[in-house]
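The values are calculated or read from the model by the stated rules, or taken from the named source; none is laboratory data. All values derive from a computational prediction rather than experimental measurement. Note that we place each Cβ from the backbone using ideal geometry, even for glycine, and neighbour counts take in every protein chain shown. Each accessible area value is taken on the protein alone, full model and side chains, heavy atoms only, with ligands, DNA and RNA left out. Shrake-Rupley method; radii C 1.70, N 1.55, O 1.52, S 1.80 Å.
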Amino acid sequence: MLIAQITDIHLTPNGVFAQGKANTEQQFAQVLAAIKQLKPQPDVLLFTGDIADNKQPVAYEKFRKMIAGIGIPYYLIPGNHDDRTMLRAAFPDHPGMSARPGQDFIQYAIDEDFPVRLIGLDTHRPDNDKGDLSAEKLAWLEEALSEQPDKPTLIFMHHPPFLTGIDEMDYYNLAGTEAFADVLSRHKQVVRIICGHVHRSIQTVFAGVLTSIAPACAFTQALGLGPDGAQGFILEAPKYELHLWNDRDNFISHTVNLEYNSGAFAYPTHDAGFISKQ
Ligand SMILES: [Fe+2]
């Protein structure tokens, strides 16, 4: 099973650049073009939030037009720059979009024929760019995980459940992480957690689970560790991640940096016979 994770696209209305600088439509187009060229094709695309740059319906229309014809199932969850009501309007047939009383969040499990079950969590809070995993969201998760205790499960979410050391982004952190860790301690089938939000590639172990932040499709967060670290963002080429579930029941993750995607070359020092045997 091959998952392509695309995060933090930050699409804008026509003529507007994200943060005044980033042509995020062009960056997303570049990522989609690269994914179309992949062999093998991913089985699924996971979008871990911030499809829109600033809660604009036109951003979701643009996303739908750009991804039409990709031919790969895709799933998304909201980021802090998204709007649940607009997502529901733009993706009415997408799982998790029907609001239930007391459960206005967009969370769902994908129980396809994949060897790994996919669970989308909603860390968005409408009043703030910080995230939360409320008691209601975690009660939903507890129930969802109880349904299939033996199937390896990947959780995808926007805000990471850990502090990164980048103060500028840790300010917009996630509440409810201790209770989230408690839930995970009771459900050992969770093999991986993937996130967005920070616009950099970052990994740690959270509650015994490898947890990663994928670099953004849009602009990159400066590497500002601590209070005196750099702030702001860097314009880099877009990036995405591939998570390969291998025959040893383990995820292997690759970051794809399109900046260097200028050709494919054989190593001049490698044995040509080895390559032909693959
Ligand atoms: Fe973002």
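Exactly one condition in (1) within 16 Å of the ligand (Cβ to nearest atom); (2) acidic (Asp, Glu); (3) surrounded by fewer than 17 Cβ atoms within 10 Å (Cβ to Cβ) is not met by ASP53; state its number.
(3)
Is the stretch 163-181 home to any residue that is closer than 23 Å to PHE233 by Cβ and among the aromatic types (Phe, Trp, Tyr)?
yes
Have a look at LYS137, LYS130 and point out the one that is touching a His at 6+ places or on another chain (Cβ under 8 Å), in contact (Cβ under 8 Å) with a residue 24 or more places away in the chain and over 17 Å from SER212 (Cα atoms).
Sole residue among the options that is touching a His at 6+ places or on another chain (Cβ under 8 Å), in contact (Cβ under 8 Å) with a residue 24 or more places away in the chain and over 17 Å from SER212 (Cα atoms): LYS130.
Would you check which residues across the stretch 33-47 are part of a strand (DSSP E or B) and farther than 15 Å from PHE63 by Cβ and list them?
If the condition is that a residue be part of a strand (DSSP E or B) and farther than 15 Å from PHE63 by Cβ, then VAL44 is the only one that fits.
Sort out which residues of the stretch 112-150 are among the hydrophobic types (A, V, I, L, M, F, W, C) and not in a strand (DSSP E or B), and write them in order of number.
Of everything in the stretch 112-150, those that are among the hydrophobic types (A, V, I, L, M, F, W, C) and not in a strand (DSSP E or B) turn out to be PHE114, VAL116, LEU121, LEU133, ALA135, LEU138, ALA139, TRP140, LEU141, ALA144, LEU145.
Of the residues in the stretch 1-32, how many are within 16 Å of the ligand (Cβ to nearest atom), farther than 22 Å from SER212 by Cα, in a helix (DSSP H, G or I) and out of contact with any helix residue (DSSP H, G or I) (no Cβ under 8 Å at 6 or more places or on another chain)?
Number satisfying all stated conditions: 1.
Report yes if some residue within the stretch 213-227 is at pLDDT below 95, within 16 Å of the ligand (Cβ to nearest atom), open to solvent by 30 Å² or more (accessible area, probe 1.4 Å) and out of contact with any strand residue (DSSP E or B) (no Cβ under 9 Å at 6 or more places or on another chain); otherwise report no.
Scanning the stretch 213-227, I find no residue that is at pLDDT below 95, within 16 Å of the ligand (Cβ to nearest atom), open to solvent by 30 Å² or more (accessible area, probe 1.4 Å) and out of contact with any strand residue (DSSP E or B) (no Cβ under 9 Å at 6 or more places or on another chain), so the answer is no.
For the stretch 78-93, give me each residue that is buried (at least 16 other Cβ atoms within 10 Å of the Cβ) and either more than 16 Å from the ligand (Cβ to nearest atom) or not in a loop (DSSP other than H, G, I, E, B) (or both).
Hits for the stretch 78-93 are ARG84, MET86, LEU87, ARG88, ALA90, PHE91.
Among the residues of the stretch 141-162, is any in contact with a helix residue (DSSP H, G or I) (Cβ under 7 Å, 6 or more places away or on another chain), surrounded by fewer than 18 Cβ atoms within 10 Å (Cβ to Cβ) and not charged (D, E, K, R)?
Looking for residues that are in contact with a helix residue (DSSP H, G or I) (Cβ under 7 Å, 6 or more places away or on another chain), surrounded by fewer than 18 Cβ atoms within 10 Å (Cβ to Cβ) and not charged (D, E, K, R), one finds none in the stretch 141-162, hence no.
Working only within the stretch 123-144, note down all residues that are closer than 16 Å to PRO95 by Cα and either in contact with a Gly (Cβ under 8 Å, 6 or more places away or on another chain) or modelled with pLDDT under 95 (or both).
LYS137
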